[in-house]
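The structure appears below as structure tokens.
The values are calculated or read from the model by the stated rules, or taken from the named source; none is laboratory data. This is a predicted model, so every value here is computed, not measured. For neighbour counting, all protein chains shown are included, and Cβ atoms are generated from backbone atoms with ideal geometry for every residue, glycine included.
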Amino acid sequence: MTQRRVASLVVAFIIASALSACAKHESSDRTEAALPIYPQATQVGLSPKQNAKNAGQMLAIYTTRDSFDKVRGWYQTQLPPQTQSAVNEKRREATFALFDSRTRTVHLEVSGGQVVIYLSAAAPSASASGR
């Protein structure tokens, strides 16, 4: 093989490896803020009045009957490695925060025998200004 052909194969291998490493973060449904939606979750609708209060914030609420530990574990594998998190085992709550070009959060809590999943993102202008 020529050096150029070998170099092309090496580059292709590196790109394929990088894409497969990122694949787990792209395999699930996503909100408009690029947050993964837990596969066994059902969306809870917000009233127009509640949506109007969001002032440009994206908020989506889901519920599932799966265990808190299962849902939390799934989000730990789906979110990027640099995601910050806090867990309160006693209250069965967890929050994951992504501080990138847009502040985004995933909050989990147990209520009424189910896990409630809150997916939120700051309005692009709010996160760009440092709030």
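Just for segment 104-113: of the residues that are outside any loop (DSSP other than H, G, I, E, B) and more than 11 Å from the chain's Cα centre (by Cα), which one is farthest from I37 (Cα to Cα)? Please lay out each step first, then the result.
Step one: list which residues in segment 104-113 are outside any loop (DSSP other than H, G, I, E, B), which gives 104-111.
Subset that is more than 11 Å from the chain's Cα centre (by Cα): 108-111.
Values: L108: 12, E109: 15, V110: 17, S111: 18 Å.
Top of the filtered list is S111.
Here A86 passes the criteria (1) at pLDDT 95 or above; (2) loosely packed, with under 12 Cβ neighbours inside 10 Å; (3) of a type outside the set (K, R); (4) under 14 Å from the mean Cα position of the chain (by Cα) except the one numbered (4). Scanning segment 65-95 for residues that are in contact (Cβ under 8 Å) with a residue 12 or more places away in the chain, within 15 Å of V115 (Cα to Cα) and not in a loop (DSSP other than H, G, I, E, B) gives F68, V71, R72, W74, Y75, V87, E93, A94, T95. Of all the numbered requirements in (1) modelled with pLDDT under 95; (2) closer than 15 Å to Y38 by Cα; (3) charged (D, E, K, R), D66 misses one, and that requirement is (1). Among the conditions (1) at pLDDT 95 or above; (2) surrounded by 11 or more Cβ atoms within 10 Å (Cβ to Cβ); (3) more than 14 Å from the chain's Cα centre (by Cα); (4) not in a helix (DSSP H, G or I), the only one that L46 does not satisfy is (1).
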